[in-house]
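In what follows, a structure is listed as structure tokens, so that the remarks can point back to it.
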Amino acid sequence: MPACIALLRAVNLGSHNKVTMADLRAFVEKLGGEDVKTVVQSGNLVFRSAVASPAKLEQQLEAEAAKRLGLTTDFFVRTAKEWDTIVAANPFPKMAKDDPSHLVMMTLREAPAAKAVDELRAAIKGREQVKTNGREAYFTYPDGIGDSKLTIAIIEKKLGTRGTARNWNTVLKLGALAGAT
């Protein structure tokens, strides 16, 4: 069974979409996932699955999480092989080396149109940068993420698709757990 990485959108933020990582691991195991691991409390999963299609796995996880956990959120699933490609495609290798906590990779539901990416770039008010590659976007936040005006709400509105982001340190940890990087 191939290794998969699943990122949950907007869990454990304040009182919104609360789920323990132990419950999340048990949930995936009940659905047939094997070697289930979590990374930090923000909904990062690594596991093996017999479901061949990441899109079908996303649909199954979302539907079952709503039924079994009362958790309504998006799941973004990539195979370990896709994760290798995501890491290799990083357009900001210097930042990945020098300041990985301010480099963010966002998995997206759909690849944004070039015009949408241009509109997002035009909306940036600070020194942040964005580059996309298919269903992933890479962002630099050289002045920090917390005070940036480039928020997920703006990103999703301009790109016309939903996503969830992780800093580069987490991206590499997930890849290592999946045997991808």
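Residue count for the range 53-70 satisfying the condition of being in contact (Cβ under 8 Å) with a residue 24 or more places away in the chain and either surrounded by fewer than 16 Cβ atoms within 10 Å (Cβ to Cβ) or assigned by TED's automatic domain parsing to the domain that holds Thr170 (or both): 1. Take the residues of the range 48-84 that are outside any loop (DSSP other than H, G, I, E, B) and of a type in the set (Val, Ile, Thr): which is nearest to Thr20 (Cα to Cα)? So the residue we want is Val77. Taken together, the criteria exclude Gly70 from residues that are in contact with a Phe, Trp or Tyr (Cβ under 7 Å, 6 or more places away or on another chain) and over 15 Å from Thr164 (Cα atoms).
Please state which one of Val28, Val87, Val117 is under 19 Å from Ala178 (Cα atoms), in the same structural domain as Thr140 (by TED's automatic domain parsing) and either of a type in the set (Val, Ile, Thr) or not in a loop (DSSP other than H, G, I, E, B) (or both).
Testing whether each residue is under 19 Å from Ala178 (Cα atoms), in the same structural domain as Thr140 (by TED's automatic domain parsing) and either of a type in the set (Val, Ile, Thr) or not in a loop (DSSP other than H, G, I, E, B) (or both) leaves just Val87.
The values are calculated or read from the model by the stated rules, or taken from the named source; none is laboratory data. Just so it is clear, the structure is predicted and the values come from calculations on it, not from any experiment. FYI the Cβ positions are ideal-geometry reconstructions off the backbone, even for glycines, and counts take in every protein chain you see.
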